[in-house]
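Working notes for the structure below.
The values are calculated or read from the model by the stated rules, or taken from the named source; none is laboratory data. The shown structure was predicted, so the numbers you read here are calculated from the model rather than taken from an experiment. No Cβ is skipped: glycine too gets one built from the backbone with ideal geometry, and neighbour counts run over all protein chains shown. Remember, those area values only see protein heavy atoms, side chains included, never the ligands or the DNA or RNA. Shrake-Rupley method; radii C 1.70, N 1.55, O 1.52, S 1.80 Å.
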Amino acid sequence: MNKYKRTMNQKEETKHVKRMLIIMSVLILFGIALFLGTSYALFSVLVEGNQSISMTTKTLEVKLKDGEYIREDARGTMTDKQGKKTDPYRFTITNTGTMEAYYKLYLIEEGPIGEKEMVNTYYLKYELKGDDGSQQEGRIGELKQFYQNKMIGIGETITYELRIWLDKDTPNSEQEKSYQSKVAVDANQLNYPNAPVLADNMIPVVYDEIEKRWEKANVTEAWYNYDKQEWANAVTVTSGTRATYQGMNPGEEVKMTDILQMWVWIPRYSYTIKSEDGEHYYGKKEEGRTDEPSQLLPGEIDIKFIGVEDKDTKGSAQYTGKYAKNWYTPPGFTFGDEELSGIWIGKFETGYSSGDGQTTGVKTEADAQVDDVQSNRVIIKPNVYSWRGIRVSTLDLVSRRMIESNNGFGFDATYDSHAAKNIEWALMSYLTQSKYGKYGNKLYSGTNREIYMNTYNGYMTGCSSGLPNGVTTSACGNTYDIMVDQGGGKGYAGAGASSTGNITGIYDINGGAWEYTMGIFNKMSGNTKENNSGYDGTLTDGSHFAGRSWPDAKYYDLYASKDTKMACNGNLCKGHALDEVARWYDDYAVMINVTYSWMIRGGVHNFTTGAGVFTFNSAGEGGSVGIRVSFRQVLTPR
């Protein structure tokens with residue numbers, strides 16, 4: 001069977017641990033009864049299947065004293081401050097198994113109690129606190145689930161306290177009604193990523209290795225598998241063919257000649273980095289590895305996929321010992337004040353098309369050096385010339401204009417498009433070094449686990465030298481779709497240049513062109529009046545450049561120090577792929593500074609051993625046009 005074309009039902013494809021459903025009934029009475037004395041908490045527990053996770057509850061009788069938090073004229077309502085002081089419903093989840101487990105925690109509404117009417121749940125407020133430091137609050141009526149895919153370690157116990165109260169602004173018409181629900185836990189020992197969020201214009205695709213073509217995916221079946229390093233892919237096509245592909249049956253070909261852009265889904269996760277010797281944090285020594293992880297040949301970054309409701313903010317992202325802990329959610333999954341279930345990132349460096357809405361690139365690499373604000377020239381696909389010679393302020397405009405009305409790509413305001421920030425590059429790099437990325441692909445071993453380098457001096461996308469480093473070449477070498485196992489831990493000469501080591505990953509992240517990311521030192525414009533980003537701001541000599549206004553702060557990362565241990569407001573920049581992974585694989589590492597203030601990533605075709613997914617550098621171009629520097633697109637669902 002074709003390795004990447006999924007035709008099996010997910011239940012048949014994955015080994016699913018027996019689900020254990022634990023139900024706790026929570027009974028809350030509102031209305032006159034609250035004034036008279038007691039509200040009730042009714043709990044029952046039902047355990048089915050493998051008891052690798054168990055749940056215990058304490059039956060609580062919640063007593064409300066006369067006058068405490070409840071005033072007679074409030075008729076059972078409370079302020080948030082009062083509600084958070086009420087006695088909680090407590091329950092404990094313990095993992096007694098021999099593997100890490102993941103669970104979904106949610107409420108099942110049971111309707112009204114007895115003859116009473118059901119209260120409008122919009123007026124029910126809640127707070128859920130765990131002794132692991134987790135906390136969330138909101139309205140029951142707006143709640144989908146508390147946690148979608150939360151991990152619990154081996155032997156770990158988490159105790160939760162749940163408080164529910166009637167909002168102080170509840171109208172009188174709702175105050176003698178009732179509410180009844182169950183708390184449910186679904187548990188398994190597989191860590192499922194968040195499903196890709198597809199815009200209406202996006203066509204989900206899988207690669208048919210036998211037919212050597214991209215085909216429309218069947219999203220009702222398993223069309224990606226991160227456990228097997230098979231990441232979700234989607235494309236946008238021309239306006240003239242979009243309706244045809246949207247109406248086409250799964251399994252039919254999506255022609256490269258109709259594709260404008262190719263995207264890869266990075267699901268939301270938390271990470272942590274292990275130290276095997278208690279001093280150097282170079283990643284985990286996975287089963288079967290004989291040498292110790294080092295800076296030159298690092299180990300595995302631990303990754304756990306999490307739901308959009310989950311966010312680990314207190315962990316150090318480092319650990320020692322047998323089991324992963326101190327998890328941290330990278331900041332790239334927060335866009336402004338929005339928490340994201342994942343992001344789409346351009347599969348290749350951004351190319352420059354031969355015309356508005358055209359699916360072909362320009363004829364020469366020199367033709368792709370244009371400081372042009374035409375967003376309809378954006379093309380993301382293999383075997384085209386990377387768009388270079390463009391200022392940072394211009395590429396920012398080009399990227400954000402992709403969703404403007406009447407754009408040729410079919411995007412609307414439900415998505416945000418922008419140039420990749422440094423923290424979004426980091427999302428890709430950490431996942432690549434995990435068991436879900438090329439590092440976990442068993443076709444590769446030793447130094448070949450590093451992304452293979454694009455050494456072509458013609459700046460063409462998707463090229464591969466078939467090696468993790470090398471000298472610059474005057475030809476592409478291996479194209480992105482060459483997937484013949486070379487043996488000896490070398491894997492694919494072509495697809496080894498992707499983040500997965502197969503065709504489903506992200507390319508041009510080692511070599512090719514440097515890539516500007518939206519990372520800036522102290523909001524400077526650039527180096528000189530000639531070499532700058534085009535934004536309004538100071539230059540290296542302290543003078544002022546009058547340029548374009550800066551975009552909203554969510555479109556760039558601001559760094560305050562050239563010391564990577566102090567660059568984020570005097571602190572280490574966790575989740576930025578800077579100090580934590582500096583010089584892994586001997587990748588070049590120089591932080592932006594007052595002289596060279598714009599961040600570039602990935603290296604360039606002639607950077608030999610210094611290029612790589614963990615490479616970061618301060619751009620000598622100062623944010624200005626440069627024939628060596630391209631950029632990458634990102635899409636975030638709103």
**Odd one out for GLU252 among (1) within 19 Å of ARG377 (Cα to Cα); (2) touching a strand residue (DSSP E or B) at 6+ places or on another chain (Cβ under 7 Å)** = (1)
**Asked** If you take the residues of the range 411-442 that are small (Gly, Ala, Ser) and open to solvent by 10 Å² or more (accessible area, probe 1.4 Å), which of them is farthest from TRP598 (Cα to Cα)?
**Response** GLY440
**Item:** Condition met for LEU578 (more than 23 Å from ASP371 (Cα to Cα), open to solvent by 60 Å² or more (accessible area, probe 1.4 Å) and out of contact with any helix residue (DSSP H, G or I) (no Cβ under 6 Å at 6 or more places or on another chain))
**Value:** no
**Complete set of residues in the range 308-367 that are within 29 Å of TRP214 (Cβ to Cβ), of a type in the set (D, E, K, R), surrounded by fewer than 16 Cβ atoms within 10 Å (Cβ to Cβ) and touching a residue at least 12 places away in the same chain (Cβ under 8 Å)** = ASP356, ASP367
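Is one or more of the residues making up the range 256-267 in a loop (DSSP other than H, G, I, E, B), at pLDDT 95 or above and either of a type outside the set (A, V, I, L, M) or surrounded by 14 or more Cβ atoms within 10 Å (Cβ to Cβ) (or both)?
Narrowing the range 256-267 to residues in a loop (DSSP other than H, G, I, E, B): none.
No: the range 256-267 contains no residue that is in a loop (DSSP other than H, G, I, E, B), at pLDDT 95 or above and either of a type outside the set (A, V, I, L, M) or surrounded by 14 or more Cβ atoms within 10 Å (Cβ to Cβ) (or both).
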**Complete:** Within the range 587-638, of all residues that are open to solvent by less than 10 Å² (accessible area, probe 1.4 Å) and among the charged types (D, E, K, R), the one nearest to PRO267 (Cα to Cα) is ARG632
**Request:** For the range 117-125, indicate whether the set of residues that are at pLDDT 90 or above, closer than 25 Å to SER341 by Cβ and open to solvent by 50 Å² or more (accessible area, probe 1.4 Å) is non-empty.
**Result:** yes
**Message:** Would you confirm whether or not the range 566-577 contains a residue that is at pLDDT 95 or above, touching a Leu at 6+ places or on another chain (Cβ under 9 Å) and under 20 Å from ARG632 (Cβ atoms)?
**Reply:** yes
**Message:** Could you go through the range 105-112 and let me know if any residue there is outside any strand (DSSP E or B), more than 30 Å from ILE303 (Cβ to Cβ) and either open to solvent by 10 Å² or more (accessible area, probe 1.4 Å) or among the basic types (Lys, Arg) (or both).
**Reply:** yes
**Asked** When GLN135 is evaluated against the numbered criteria (1) in contact (Cβ under 8 Å) with a residue 40 or more places away in the chain; (2) in contact with a Leu (Cβ under 9 Å, 6 or more places away or on another chain), which criterion, by number, is the only one it fails?
**Response** (1)
**Item:** strands (runs of 3 or more DSSP E) wholly inside the range 154-246 that include at least 3 residues being among the small types (Gly, Ala, Ser)
**Value:** 178-188
**Request:** Take the range 90-104 and flag every residue that is part of a strand (DSSP E or B) and either of a type in the set (D, E, K, R) or open to solvent by 10 Å² or more (accessible area, probe 1.4 Å) (or both).
**Result:** ARG90, THR92, THR94, TYR102, LYS104
**Request:** Being touching a residue at least 40 places away in the same chain (Cβ under 8 Å) and among the charged types (D, E, K, R) narrows it down to one of GLU252, GLU209, so name that one.
**Result:** GLU209
**Asked** Can you name the residue in the range 398-407 that is touching a residue at least 24 places away in the same chain (Cβ under 8 Å) and surrounded by fewer than 20 Cβ atoms within 10 Å (Cβ to Cβ) and, of all such residues, is farthest from the chain's Cα centre (by Cα)?
**Response** ASN407
**Request:** Give the residue, chosen from SER405, SER399, that is hydroxyl-bearing (Ser, Thr, Tyr) and assigned to a helix (DSSP H, G or I).
**Result:** SER399
**Item:** Subset tally (residues that are under 16 Å from SER417 (Cβ atoms) and either part of a strand (DSSP E or B) or β-branched (Val, Ile, Thr) (or both)) for the range 342-352
**Value:** 7
**Asked** For GLU530, all conditions in the list (1) in a loop (DSSP other than H, G, I, E, B); (2) within 22 Å of PRO330 (Cβ to Cβ); (3) not polar (S, T, N, Q) hold save one; what is the number of the exception?
**Response** (2)
**Asked** Identify, please: which residue in the range 368-385 is in a strand (DSSP E or B) and more than 23 Å from ASP416 (Cβ to Cβ) and is, among those, least open to solvent (accessible area, probe 1.4 Å)?
**Response** TYR385
